[in-house]
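K.L.:
First, the structure itself, so that you have it in front of you.
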Amino acid sequence: MTSHSRDAPQFYLTSPSVCPYLPGKEERKVFTHIVGRRGRELNEILTQGGFRRSQTIAYRPACDTCRACVSVRVLTGEFEPSGNLKRVLRNNADLIGNEIPNRPSSEQYALFRRYVDARHADGGMADMSVLDYSMMVEDSHVDTLLIEYRRRGIDSGITGRGEGDLIAVALTDVMSDGLSMVYSFYDPDRQDRSLGTFMILDHIRRARAKGLPYLYLGYWVEGSKKMGYKARFTPQERLGAHGWVRVG
């Protein structure tokens, strides 16, 4: 009889469903659970292999006839913002992000609800309750933190924290070789700030400051307006059949 370690991951395949990125396509995913004492190690191995984490699930596209979803990671040590990206940094120079433990709050959920209702009302998160949100934030067996962005205050240079209303939030995993942006949301009434782009730029800076070579951005999908923005952050590496390949 062959015995298997209880820590060994088991992989499962979903049934086909409508692709959220490309019209007329179907998607399937392979997934496994990230739990137990090897959770952090397993998450790093899977992330480096193109998986993404959602709570205690790691998943990767496994579509029968399409390979459009490509994992990307930014080379933080070599990244230099373009003119447009420098403008985004200037427009948000009055904001500061504070790293806190991955604990949900009513203020976060209120902002999350406004963001989803304004930007993704027909998406998979449209019906998320406060309990669902709490699980998304807390249900993690890896090193996860939240970054809350607020306006800079008089004492921000000393405390490292902003003041006033919560403007944006990022749920982020910290790994041995990089940061992985799990999910982010922001005030939908401040579109002029390009807050989604700003948070990526801020994460590149944070990863570099921590001595981490990569920022994992999830999947870039050529031909998808939702995912096309990720190609702006170069140099980056994209995961192909023969490993990570540099682009830019």
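The values are calculated or read from the model by the stated rules, or taken from the named source; none is laboratory data. All values reported here derive from a predicted model rather than from experimental measurement. Quick reminder, even Gly has a Cβ in these numbers, built from the backbone with ideal geometry, and neighbours come from all protein chains shown. Side chains included, ligands, DNA and RNA excluded: accessible areas come from the protein's heavy atoms. Shrake-Rupley method; radii C 1.70, N 1.55, O 1.52, S 1.80 Å.
K.L.:
Kindly report the accessible area of region 23-158 per residue (heavy atoms of protein chains, probe 1.4 Å, no ligands, DNA or RNA), in Å².
P.N.:
On the way: 7340 Å² over 136 residues.
On a per-residue basis, region 23-158 sits at 54 Å².
K.L.:
Of all the accessible heavy-atom surface of region 1-100, with the other protein chains kept in place and a 1.4 Å probe, what percent is carbon and sulfur? Kindly include the intermediate steps, with their values, before the conclusion.
P.N.:
Working: 3050 of 6060 Å².
Roughly 50 percent, rounded to a whole number.
K.L.:
7 Å from Cα along Cα→Cβ at both D127 and A93: what's the point-to-point distance in nm?
P.N.:
4.7 nm
K.L.:
In addition: Leaving ligands, DNA and RNA out of it, report the carbon-plus-sulfur percent of the accessible area of region 127-167 at a 1.4 Å probe.
P.N.:
On the way: 1110 of 2280 Å².
Summing carbon and sulfur atoms, their accessible area is 49 percent of the total for region 127-167.
K.L.:
Another question, if that's okay. Just checking the chain: which Cys have no other cysteine's beta-carbon under 4.7 Å?
P.N.:
By the Cβ distance rule, which asks for a partner under 4.7 Å, the isolated cysteines are C19, C69.
K.L.:
With springs connecting C-alpha atoms under 10 Å apart, model the chain as a Gaussian network and identify which of T14, T56, T32 has the largest mean-square fluctuation.
P.N.:
T14
K.L.:
Still on this model: Just how many pairs of Lys in the chain have C-alpha atoms closer than 20 Å, counting pairs that are eight or more places apart or on different chains? Intermediate results must be reported in sequence, preceding the final value.
P.N.:
Numbers: K25/K225; K25/K226; K29/K226; K86/K230.
Going through the chain pair by pair, I get 4.
K.L.:
Give me the one-decimal Kirkwood hydrodynamic radius in Å for region 157-212, with the sum taken over alpha-carbon pairs. If you can, show how the numbers build up before the last one.
P.N.:
Values: mean 1/r = 0.0795 Å⁻¹.
Final number for the Kirkwood radius of region 157-212 is 12.6 Å.
K.L.:
Using only Cα atoms, tell me the angle between helix 106-119 and the longest principal axis of the chain; keep it within 0 to 90° and round to the nearest 10.
P.N.:
80 degrees
K.L.:
Considering the Cα trace of the chain, what is its radius of gyration and what is Dmax, both in angstroms?
P.N.:
Spelled out, the Cα radius of gyration and Dmax of the chain are 18.3, 67 Å.
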